[in-house]
Amino acid sequence: MVRQRTEIGQLPAYRQGASTPGAVKLSSNENPYPPLRSVIDAVAAELGDISIYPPMAAAELVGRLAERFDVTGDEIAVGAGSVEVAAQLIHSAAGAGDEVIFAWRSFEAYPSLVRIAGATPVPVALTDDDRHDLDAMAAAVTPHTRLIFVCNPNNPTGAVVTGPELHAFMAKIPADVLVVVDEAYVHFDVDPDSADGLEFYRTYPNVAVLHTFSKAYGLAGLRIGYAIARPEIVENLRRVAVPFAVTALAQRAAVASLDAETELDERVQHINAERARVTTALRELGWNVLSSQGNFIWLRTGDDTTQVDAVLREHGVLARAYAADGIRVTIGDPTANDLVLTAAAEALAPVA
Ligand SMILES: *Cc1c(COP(=O)(O)O)cnc(C)c1O
């Protein structure tokens, strides 16, 4: 019998959002719009070069991002999706015997990524209103803590951490513990009270910010994300990165997306308008939905989760159900969202 790490055999495999022919997939927080023509053209122009390795430093993209966020290029690390950058952050900070704190429920990849690094995940329950319990997270810090994820807005609940809350939290965190603000949904966040990761990055040397092109920019299939962190941390992220994981196609598409930010922002505004419409309609139906600042909403279905998920499926909607907890439903196009509302009206009927 070949010896393998026992903790790996115990890991759940990452569960891809469900998809079935004919059903609408609202299970992975993907952008409902097709890629922009300009982005497709930029990728197509790069296809002739797929026989060569991509530029590892991603200099053009890094330069553009540096300009965009008023930082230097040595403060930006790219990866094959921000999930890979999250892995880089964990691998460079935490190993066997070290602890990584995150809210729970939050992004599903955190616990596995921490285990894969050989470190110990420390999940801290959300508050009763599905927000980060920053007091409990600060209290969970031990001499073994190396990294803390703050997911803002939180996937899957859509709740935000406010600026004053995050400042109060940072005051309690040792300066040698890295706090990673995961802003995968920052473009959809219009709450003026929400903490601005970049502002925290500029204030605290032990803050890093994680961004992705997958959600608001619609590049989930090309895999590209990045961290903004102090140069000495970025150097380590580059050391642990999988060589050549970020393709030239992805780099091109990211640059073309930055060129098209105005157009992409209009799409984000349409998605947010749909989010508001769906939230209002659900509340009118009697659902207790919190205001989400992501491109998804969170149905707190508790013990009824399996039953409600079944009704969604009957209406051709594939969402992401977390048994005995809730269902995360991505905001899709208006037709898809109408299906969700029809299903939600029916699912509530037995309870109401
Ligand atoms: C989707 C998501 C990511 C990562 O997405 P990538 O496609 O790997 O960039 C990271 N964090 C959160 C909270 C997410 O929901």
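Every number here is computed from the coordinates shown, using simple stated rules; none is lab data. What you see is a predicted model; the values in this text were computed from it and never measured. Here Cβ is always computed from backbone atoms with ideal geometry, including for glycine, and neighbour counts include all displayed protein chains.
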| note | One quarter of the C-alpha convex hull surface, i.e. the mean projected area of the chain in nm², amounts to 19.1
| request: Rank the residues Asp338, Asp130 as a footprinting-exposure proxy: fewest other Cβ atoms within 10 Å of their Cβ go first. | output: Asp338, Asp130
| Simple Cβ-charge dipole of the chain, Lys/Arg +1 and Asp/Glu -1, about Cα centre, in debye nearest 20 | 920
| note | For the range 25-33, in residue order, the Karplus 3J(HN,Hα) values (coefficients 6.51, -1.76, 1.60; θ = phi - 60°; whole Hz; Gly and Pro = x) are 8, 10, 10, 10, 6, 7, 6, x, 7
| query | Per-residue HN-Hα couplings for the range 328-333, Karplus 6.51 cos²θ - 1.76 cosθ + 1.60 at θ = phi - 60°, whole Hz, x for Gly and Pro? | reply | 9, 10, 5, 6, x, 7
| Reciprocal mean inverse distance between Cα atoms of the range 203-326 - Kirkwood radius, Å | 17.9
| request: Tell me, rounded to the nearest percent, the portion of alpha carbon pairs in the range 73-226 spaced more than 26 Å apart. | output: 18
| query | Whole-Hz Karplus ³J(HN,Hα) for the range 50-57, in order, using 6.51 cos²θ - 1.76 cosθ + 1.60 and θ = phi - 60°, x for Gly and Pro? | reply | 6, 7, 10, 5, x, x, 5, 7
| message | Under the rule of at least 5 residues apart or a separate chain, name every residue whose amide H is placed under 5 Å from the amide H of Val180. | response | Ile148, Phe149, Val150, Ala208
| Using modelled backbone amide H atoms (1.01 Å from N, in-plane), which distant-in-sequence or interchain residues come within less than 5 Å of Gly326's amide H? | Thr301, Gly302
| note | Taking alpha-carbon centroids only, the range 38-72 lies from the range 79-139 a number of Å equal to 29
| Amide H contacts under 5 Å for Phe107, placed H, 5+ residues apart | Asn155
| field | Global geometry of the range 101-186, whether rounded, prolate or oblate, following the gyration tensor of its Cα atoms and the 1.5 cut on a/c | value | oblate
